[in-house]
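Scroll down for the structure; my scribbles are underneath it.
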Amino acid sequence: KKDIRILAFESSCDETSTSVVKNGSEIESLVVATQIKSHARFGGVVPEVASRHHIEVITQITREALAEAGCTWQDIDAIAVTYGPGLVGALLIGINAAKAASMATGIPLIAVDHIMGHISAGQLADTIAYPALALQVSGGHTEIVLLKDPTHFEIVGDTRDDAAGEAYDKIGRVLGVNYPAGKTIDQWAHQGKDTFNFPRAMIDEDNYDFSFSGLKSAFINTCHHADQLGQKLDKYDLAASFQAAVVDVLAAKTIRAIKQYQPKTFIMGGGVAANLGLRERMEEEIKNLAQPPKVVLPPLKLCGDNAAMIGAAAYNLYKEGKFAGLDLDADPSLEL
Ligand code: KG4
Ligand code: ZN
């Protein structure tokens, strides 16, 4: 049987990325042009700045992805692109590059949901047996997703307010950590102790939903209060206490979902899936279950935004003949 090669584009937020993925599981090339430095001084992603950066690099990194994979357009079976959710102007740069390439070459187009991409990053790490359960934790989303197969799924849990990554970034601001703050807070957490005992919202509730805004407020209030008293709090203990609260809730709810749904595989995806505290905790807790599912944690560089995960997700759609037309448009608030 012939190998299927997909050239994928990702430009939903602050990384422009292209990749060639073989058979939905093998990365033949991956180029990620990050804009983090350009946004850091604004404390978050500036949409207009993001679009400009995407447009500056997209042609060049398309050539690089093909060259690195040793491919010409003749070797490509489909062109995949993220069409949402994300920043509309940013999404449109990837979509227009993909549409132009599809129109010029006649290669079919596949539209991919960014969140499905994060979940599909697992395919690049290991084989996934279904049903699978995914904890999808990123800057914009925090969801527990039950997958019957690679393209049929049900959201069993969601955040009621802030996403986990968003909470990291917001408390990072208070600690003077540049956006995106998750990685630094994670490192600090490993050097401190959980001394503050911040709230674990909804941890005992009989559902799989999350809420992180109360934790964020408790954290900010603690810092402001200490400020007013002229006290200096230990930033490592603050980070450790915050992370312990986030990880406790994510782990408790996910383990309960695993017990109920008995998936064959547990997958983690999204930027926060790079969190070392969360990865260790999930592996530990799953190991102790009576019937542990196989655990698939993508390597750190495939947790954040990248085009390889989009190529992996697109392969599943390719096999089902789910192609997009040249009238494809961005859907900034696309829901899984
Ligand atoms: O998936 P992603 O690259 O973009 C979105 O789709 O949102 O996720 C970015 C988020 C940011 O909020 C960032 O602070 C967070 O992932 N993040 C982390 C870690 N690395 C990145 N959060 C916690 N611990 C980390 N090690
Ligand atoms: Zn993402």
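Bear in mind that the values in this text are calculations on the coordinates, not laboratory data. Note that this is a predicted model, so its numbers are computed, not measured. Note that each Cβ is placed from the backbone with ideal geometry, even for glycine, and that neighbours are counted across all protein chains shown.
Taking the Cα centre of the chain as origin and charging only Cβ (+1 Lys, Arg; -1 Asp, Glu), how large is the dipole, in debye to the nearest 20? Can you show the working numbers first?
Working: 30 positive and 42 negative charges, 100 e Å.
About 480 debye.
Is there a quick way to get the dipole size of segment 127-297? I mean about its Cα centre, with the Cβ of Lys and Arg at +1 and of Asp and Glu at -1; what is the value in debye to the nearest 20?
Values: 18 positive and 22 negative charges, 66 e Å.
The calculation lands at about 320 debye.
Which of Asp227, Asp209 comes first, and how do the rest follow, when ranked by fewest Cβ neighbours within 10 Å? Before the final figure, lay out the partial values.
Details: Asp227 12, Asp209 16.
Ascending Cβ contact count within 10 Å gives the list Asp227, Asp209.
By how many nm would the segment from Asn207 to Glu335 grow when fully extended, if each residue of separation counts as 0.36 nm and the alpha-carbon distance is taken off? Please list the in-between numbers first.
Working: separation 128, 0.36 × 128 = 46.08 nm, distance 2.01 nm.
Residue separation times 0.36 nm, minus the Cα-Cα distance, leaves 44.1 nm.
Strictly greater than 38 Å: what percent of every Cα pair in the chain meets that? Show your work: numbers first, answer last.
Details: 8929 of 56280 pairs.
Cα-Cα pairs of the chain separated by over 38 Å account for 16 percent.
Of Leu233, Leu133, Leu92, which has the largest mean-square fluctuation in a 10 Å C-alpha GNM of the chain?
Leu233
What Kirkwood Rh does segment 6-123 have if only Cα atoms enter the pairwise 1/r average? Answer in Å. Please list the in-between numbers first.
On the way: mean 1/r = 0.0702 Å⁻¹.
It is 14.3 Å.
Scanning the chain for trypsin sites (Lys or Arg not before Pro) in DSSP loops with at most 10 other Cβ atoms within 10 Å, what's the longest stretch left with none? Each step should come with its number before you reach the end.
Numbers: sites that count: Lys1, Lys2, Arg41, Lys232.
Segment 42-231 is the longest.
Extent of segment 189-336 along each principal axis, from alpha carbon coordinates, in Å, largest to smallest?
That works out to 63, 43, 30 Å along the principal axes.
Which one, Ala201, Ala50, Ala67, has the greatest fluctuation when you compute a Gaussian network model over the chain with C-alpha springs under 10 angstrom?
Residue with maximal mean-square fluctuation among Ala201, Ala50, Ala67: Ala67.
With each run of n ≥ 4 DSSP H residues scored as -39500 (n - 2.57), what mean residue ellipticity at 222 nm is computed for the chain after dividing by its residue count and rounding to the nearest 500 deg cm²/dmol? Could you put the intermediate results ahead of the total?
On the way: 10 runs with 140 residues, N = 336.
Per the formula, -13500 deg cm²/dmol.
P(r) tail for segment 232-276, what percent of Cα pairs lie past 13 Å?
Numbers: 656 of 990 pairs.
Considering segment 232-276, 66 percent of its Cα-Cα pairs are separated by more than 13 Å.
Neighbour counts of other C-beta atoms within 10 Å: give me Met268, Met282, Met202 arranged from fewest to most. Present the calculation step by step, with values, prior to reporting the outcome.
Details: Met268 28, Met282 23, Met202 20.
Ascending Cβ contact count within 10 Å gives the list Met202, Met282, Met268.
Across the chain, where is the longest run that never hits GluC sites (Glu not before Pro) in a DSSP loop with at most 13 other C-beta atoms within 10 Å? Intermediate results must be reported in sequence, preceding the final value.
On the way: sites that count: Glu205, Glu320, Glu335.
Value returned for the longest uninterrupted segment is 1-204.
Quote the Stokes-Einstein diffusion coefficient, in whole µm² s⁻¹, for segment 39-184, based on the Kirkwood radius over alpha carbon pairs, a temperature of 20 °C and a viscosity of 1.002 mPa s.
Working: Rh = 17.6 Å.
Stokes-Einstein gives a translational diffusion coefficient of 121 µm²/s.
Would you look at the GNM of the chain, springs on alpha carbons closer than 10 Å, and say which of Ala125, Ala163, Ala104 moves the most?
Between Ala125, Ala163, Ala104, it is Ala104 that shows the largest mean-square fluctuation.
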